[in-house]
Amino acid sequence: MRVIEKIIKKPWPYIAGGIILALLNITLFAFSGKPWRITTGFLYWGMGILEVMGVDHLDWHYFTVNGNQLSEGKTFFNNEYTVINLSVMMGASIAAFLASEFKWKRIKNRKQLLFGLVGGVLMGYGSRLSFGCNIGAYFSAIPSFSLHGWVYAVFMFVGAWLGCKLLFKFLL
Amino acid sequence: MLEVRIDCMHEACPIPLLKALKKLNKMNIGDVLIMETDHSCSITNVIDWAKKQGHEVDYAEISDGEWEIYIEKRQ
């Protein structure tokens with residue numbers, strides 16, 4: 001009983017998490033032919049909403065290069081990324097509930113809301129320029145022997161360092 | 001001895017840690033910093049960090065999922 005409690009309530013060592021993530025990504029790649037990506041799924045949802053609103057974006061430059069278009073037979077809502085993104089949210093919720101750590105969080109004030117939204121737009125835009133987020137452009141790129149994963153890694157550290165400096169100086 | 005409170009409710013990493021770092025820099029040895037937080041990660045990372053810096057640290061859960069972290073500046 002104690003062991004089970006420890007497993008579901010306490011954080012696991014980084015190395016255990018790393019190995020499990022690697023095995024899961026290999027499994028996903030073996031069965032679907034594509035490595036794990038996250039933000040691409042969110043982009044497709046956004047595009048799906050724009051489509052419903054009547055915005056025609058199929059001829060946008062982004063969707064004509066680098067294999068950014070939808071896989072054949074898939075739609076902006078019905079695709080592999082929707083399944084995996086919903087699964088990630090479900091898995092994370094299950095883990096939080098098991099550890100009794102689930103909690104609704106409030107927005108502190110307008111400043112936090114504003115910075116959150118601006119940060120989200122910057123991250124979303126940046127993820128499109130860099131072929132993905134830290135999952136698609138880093139975690140899945142490096143095992144694919146793609147150089148852009150290593151470039152991403154270097155600048156991720158630069159960005160985190162710069163972000164902390166800016167935060168420390170101007171926002172706190 | 002001075003007691004300083006910082007409000008880190010509804011704020012996520014790394015804001016609580018950076019706020020604590022900034023406040024502690026301006027405090028004198030022996031002063032106590034009290035951080036209010038509802039971010040469970042802070043219980044791990046703020047406490048580990050403060051211990052590593054050589055400060056005296058303790059914490060208490062004041063209500064469901066809300067904590068106070070006490071840091072006594074030692075250096």
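The values are calculated or read from the model by the stated rules, or taken from the named source; none is laboratory data. Here the structure is a predicted model, which is why all the values come from computation and not from measurement. Heads up, the Cβs are rebuilt from the backbone with ideal geometry, glycines too, and the neighbour counts pull from every protein chain shown. Ligands, DNA and RNA are excluded from the accessible area calculation, which covers all protein heavy atoms including side chains. Shrake-Rupley method; radii C 1.70, N 1.55, O 1.52, S 1.80 Å.
Counting the residues of the stretch B:1-23 that are at pLDDT 90 or above and either hydroxyl-bearing (Ser, Thr, Tyr) or more than 23 Å from residue A:112 (Cα to Cα) (or both) gives 1.
Restricting to the stretch A:98-116, and then to whatever is loosely packed, with under 11 Cβ neighbours inside 10 Å and part of a helix (DSSP H, G or I), can you tell me which residue is modelled with the lowest pLDDT? Before the answer, list the steps.
Keep residues of the stretch A:98-116 that are loosely packed, with under 11 Cβ neighbours inside 10 Å, which gives A:104, A:106-107, A:109-111, A:114.
Then keep just the ones that are part of a helix (DSSP H, G or I); that gives A:110-111, A:114.
Values: A:110: 92, A:111: 89, A:114: 93.
Filtering first and then ranking leaves A:111.
Within the stretch B:13-66, being assigned to a helix (DSSP H, G or I), of a type in the set (A, V, I, L, M) and farther than 19 Å from residue A:104 by Cα holds for B:17, B:18, B:20, B:21, B:24, B:46, B:47, B:50. Of all residues in the stretch A:132-159, those that are away from every other protein chain (no Cβ under 14 Å), of a type outside the set (A, V, I, L, M, F, W, C) and either in a helix (DSSP H, G or I) or under 12 Å from the mean Cα position of the chain (by Cα) (or both) total 8.
Of all residues in the stretch A:160-171, none are open to solvent by 50 Å² or more (accessible area, probe 1.4 Å) and away from every other protein chain (no Cβ under 14 Å).
Residue count for the stretch A:70-97 under the criterion of being open to solvent by 80 Å² or more (accessible area, probe 1.4 Å) and within 14 Å of chain B (Cβ to nearest Cβ): the result is 1.
Close contacts from the stretch A:99-123, counting a first residue that is more than 10 Å from chain B (Cβ to nearest Cβ) and a second that is open to solvent by 80 Å² or more (accessible area, probe 1.4 Å) and hydrophobic (A, V, I, L, M, F, W, C), with Cβ to Cβ under 7 Å and a gap of 6+ residues or different chains, come to A:113/A:107. Selection over the stretch A:34-69 of residues that are assigned to a loop (DSSP other than H, G, I, E, B) and either open to solvent by 30 Å² or more (accessible area, probe 1.4 Å) or not polar (S, T, N, Q) (or both) gives a count of 17. When residue B:43 is evaluated against the numbered criteria (1) modelled with pLDDT under 90; (2) within 10 Å of chain A (Cβ to nearest Cβ), which criterion, by number, is the only one it fails? All conditions are met except number (2).
Listed residues B:36, B:56, B:3; which is more than 11 Å from chain A (Cβ to nearest Cβ), under 11 Å from the mean Cα position of the chain (by Cα) and open to solvent by 70 Å² or more (accessible area, probe 1.4 Å)?
Working: B:36 fails: open to solvent by 70 Å² or more (accessible area, probe 1.4 Å); B:3 fails: under 11 Å from the mean Cα position of the chain (by Cα).
Going through B:36, B:56, B:3 in turn, just one is more than 11 Å from chain A (Cβ to nearest Cβ), under 11 Å from the mean Cα position of the chain (by Cα) and open to solvent by 70 Å² or more (accessible area, probe 1.4 Å): B:56.
Considering A:152, A:138, the condition of being over 26 Å from residue B:9 (Cα atoms) and open to solvent by 70 Å² or more (accessible area, probe 1.4 Å) is satisfied by A:138 alone.
Is it the case that residue B:23 is open to solvent by 20 Å² or more (accessible area, probe 1.4 Å) and in contact (Cβ under 8 Å) with a residue 12 or more places away in the chain?
Numbers: open to solvent by 20 Å² or more (accessible area, probe 1.4 Å): yes; in contact (Cβ under 8 Å) with a residue 12 or more places away in the chain: yes.
Here the answer is yes, as residue B:23 does meet what is asked.
Has the stretch A:117-131 got at least one residue that is farther than 27 Å from residue A:159 by Cβ and either in a helix (DSSP H, G or I) or not hydroxyl-bearing (Ser, Thr, Tyr) (or both)?
Pass one, the stretch A:117-131, residues farther than 27 Å from residue A:159 by Cβ: none.
No.
In the stretch A:7-26, the residues that are open to solvent by 70 Å² or more (accessible area, probe 1.4 Å) reach residues that are of a type in the set (Ser, Thr, Tyr) with C-beta atoms within less than 8 angstrom, at least six apart or across chains, in these pairs: A:9/A:100; A:11/B:44. Could you tell me how many of the residues in the stretch A:27-83 are modelled with pLDDT of 85 or more, within 17 Å of the chain's Cα centre (by Cα) and among the polar types (S, T, N, Q)? Summing the residues that are modelled with pLDDT of 85 or more, within 17 Å of the chain's Cα centre (by Cα) and among the polar types (S, T, N, Q) in the stretch A:27-83 gives 4.
Among all residues of the stretch A:97-107, there is none that is farther than 30 Å from residue B:67 by Cβ and among the small types (Gly, Ala, Ser).
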